[in-house]
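This report concerns only the one structure given below.
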Amino acid sequence: MPQWLSPDTESAAALLEAHPDYRVLRSLPPLDLLPLPAPEGRLRTAAIIDTETTSLDPATGTIIELAICRVTFDGRGRIVAIGPLNDWLEDPGHPLPPEIVKLTGLSDHDLAGQRIDDARIIELLSSADLIVAHNARFDAAWIEQRYSSLAGQAWCCSLTDVDWRGLGYEGRQLGALLGEVAGFFNGRHRADADVAALVALLTAMLPSGRTACSEMILSAQRPTVRIIADHAPFEVKDRLKVRGYKWDQKIRRWWKEVTSNAAEDERLWLAEHAGCRNPTVRDITWYQRHRG
């Protein structure tokens with residue numbers, strides 16, 4: 001029985017779990033109570049992070065909360081040790097928009113006079129082998145905009161670097177995956193709570209026989225190719241969407257990331273179906289991936 005549950009509540013939960021019409025979710029436990037395997041092989045460090053911000057654009061917004069938990073992972077990509085969870089708040093110098101208050105649960109009073117410890121952030125992230133977030137494309141933009149010295153760090157994304165649907169899971173939101181994969185629920189949306197949820201999710205075992213962290217690292221470390229559909233005509237946008245291309249507002253181009261083996265087939269498809277005969281092709285590793 002998990003140490004954070006009482007015998008009576010766990011007995012009731014076990015009774016429900018034995019019935020095929022019920023599924024039981026348990027409250028997210030303290031991170032030091034998560035079961036971890038004995039380490040095998042080389043040990044490395046990942047910094048698991050989450051940011052809360054005043055907007056979606058780092059050029060105009062501000063980070064108002066930043067949480068970091070460093071973990072140790074072994075040669076099989078499994079988390080084998082969990083460090084302390086650090087959390088900082090920062091006063092943006094202006095009232096929060098109502099939608100941000102609703103989304104984050106933070107208030108102007110919470111943030112008044114608060115300041116993120118930038119030196120400590122740089123120390124924790126620059127010394128990690130990997131930085132991990134559940135939507136790394138979002139978090140990496142904010143981190144690299146504020147801390148230019150951290151540009152070029154290796155990033156993993158637990159949202160996209162795990163083939164959740166291929167593994168049989170319908171949702172990809174952190175809360176949904178936490179319940180479906182790890183059997184926990186987490187009622188808070190603050191950055192520290194989301195980091196704790198992500199740590200728990202990454203320790204969970206998947207149907208592949210690997211942990212979520214192992215699957216993520218295995219996928220993320222493989223080089224890919226980013227294909228940018230230069231000069232594709234406007235009228236083929238729906239075909240590109242169906243094909244899995246995404247729109248990059250900054251460069252105003254459609255792009256897609258594929259394995260090296262699939263790159264030539266993608267070139268041929270673009271030439272035949274999207275009027276794009278000279279796409280830009282870039283090799284991508286986890287040192288460039290998840291950037292805008």
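Using unit Cβ charges (K, R positive; D, E negative) and no other charged atoms, how large, in debye to the nearest 20, is the dipole of segment 7-220 about its Cα centre?
Value, rounded to 20: 540 debye.
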* Among Pro84, Leu103, Trp255, which residue has its Cα positioned farthest towards the positive end of the charge dipole of the chain, with +1 placed on the Cβ of Lys and Arg, -1 on the Cβ of Asp and Glu, and the dipole taken about the Cα centre? -> Trp255
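Would you check the chain for Lys pairs whose C-alpha atoms are within less than 17 Å, ignoring same-chain pairs closer than 8 in sequence, and give me the count?
Details: Lys237/Lys246; Lys237/Lys250; Lys237/Lys256; Lys241/Lys256; Lys246/Lys256.
Qualifying lysine pairs in the chain: 5.
Going by how many other Cβ atoms sit within 10 Å of their own, how do Cys69, Cys213 line up, fewest first? All intermediate terms of the calculation are to be shown ahead of the outcome.
Values: Cys69 23, Cys213 29.
Lowest to highest Cβ neighbour count: Cys69, Cys213.
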* To do: In whole angstrom, note down how far apart the Cα centers of segment 235-292 and segment 22-64 are.
  => 30 Å
* Structure fact -> Relative contact order of segment 7-220 (C-alpha contacts under 8 Å, at least 6 apart) in percent is 23 percent
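Could you give the dipole magnitude of segment 224-284 about its Cα centre, charging the beta-carbon of Lys and Arg +1 and that of Asp and Glu -1, in debye to the nearest 20?
Its charge dipole is roughly 280 debye.
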* With at most 12 other Cβ atoms within 10 Å, longest stretch of the chain clear of loop GluC sites (Glu not before Pro) (DSSP) -> 41-169
* Structure fact -> Residues meeting the amide H criterion for Arg26 (H placed from the backbone, H to H distance under 5 Å, 5 or more places apart or on another chain) are Phe184, Phe185
* Structure fact -> For segment 11-27, in residue order, the Karplus 3J(HN,Hα) values (coefficients 6.51, -1.76, 1.60; θ = phi - 60°; whole Hz; Gly and Pro = x) are 5, 5, 5, 4, 5, 5, 4, 6, 8, x, 8, 10, 9, 9, 10, 9, 4
* Starting at the first residue of segment 75-85, write each ³J(HN,Hα) from the Karplus equation 6.51 cos²θ - 1.76 cosθ + 1.60 with θ = phi - 60°, in whole Hz, x for Gly and Pro. => x, 9, x, 8, 6, 10, 7, 10, x, x, 9
* To do: Kindly put Lys250, Lys256, Lys237 in sequence by how many other C-beta atoms sit within 10 Å of each C-beta, fewest to most.
  => Lys250, Lys237, Lys256
* **³J(HN,Hα) computed for each position of segment 240-250 - Karplus, 6.51 cos²θ - 1.76 cosθ + 1.60, integer Hz, glycine/proline x** => 5, 4, 4, 6, x, 6, 10, 8, 9, 5, 5
* Given H placed on each backbone N at 1.01 Å, which residues far from Leu206 in sequence or on other chains put an amide H within less than 5 Å of it? -> Thr211, Ala212
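Values in this text are rule-based calculations from the coordinates and carry no lab data. Note that the coordinates shown come from a computational prediction; the quantities given were computed from them, not determined experimentally. For neighbour counting, all protein chains shown are included, and Cβ atoms are generated from backbone atoms with ideal geometry for every residue, glycine included.
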